[in-house]
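Colleague: Before I ask anything, here is the structure I am working with.
Just so it is clear, none of the values below were taken in a lab; they were calculated from the coordinates. All figures in this text were calculated on a predicted structure; none of them were measured in a lab. Positions of Cβ are generated from backbone atoms using ideal geometry, with glycine treated the same way; all protein chains shown enter the neighbour counts.
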Amino acid sequence: MTDPAATGPPPPDPLAVALSKLDPAPHGFDRDALMFAAGQASKMRVVGLWRAVAGVALVAAAAFAALYATRPPRVEVIDRPVVVAPPN
């Protein structure tokens, strides 16, 4: 029987040698951009609702401002009789 320590290590696998010479390819995948886009898409309905509410509030405020600016001036006539004592 032969001594395994005397024969040395086994020859390397040609596939392992070929794989060790390769460089990793850039993946082209941006995880942060994907997560941002997913969050943005999930909130698009809520953002649209708030934009609609803000638009309605803006139109109402503009209408009330226009009504306030174009109203006729309010004139009140107060008739108060003044009693004057006759001169002596």
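Colleague: Measure off 7 Å from each Cα along the Cα-to-Cβ vector at W50 and R31, then give the distance between these two points in nanometres to one decimal.
Modeller: So the two model labels end up 2.8 nm from each other.
Colleague: Per Stokes-Einstein, at 37 °C and 0.692 mPa s, what whole-number D in µm² s⁻¹ belongs to the chain, with the Kirkwood radius over Cα pairs as the hydrodynamic radius?
Modeller: For the chosen part, D equals 136 µm²/s.
Colleague: Can you give me the angle between helix 44-69 and the longest principal axis of the chain, using Cα atoms only, in degrees from 0 to 90, rounded to the nearest 10?
Modeller: Between the helix axis and the principal axis of the chain, the angle is about 20 degrees.
Colleague: Between 0 and 90 degrees, rounded to the nearest ten: what's the tilt of helix 31-42 against the longest Cα principal axis of the chain?
Modeller: Taking the Cα atoms of the chain, the angle to 31-42 is about 40 degrees.
Colleague: Have a look at L34, L19, L49 and tell me which one the Gaussian network model of the chain (Cα, springs below 10 Å) gives the largest fluctuation.
Modeller: L19
Colleague: Same structure, new question: Only Cα pairs within less than 10 Å get springs; with that Gaussian network setup on the chain, which residue of P73, P26, P12 has the largest fluctuation?
Modeller: So, out of P73, P26, P12, the one fluctuating most is P12.
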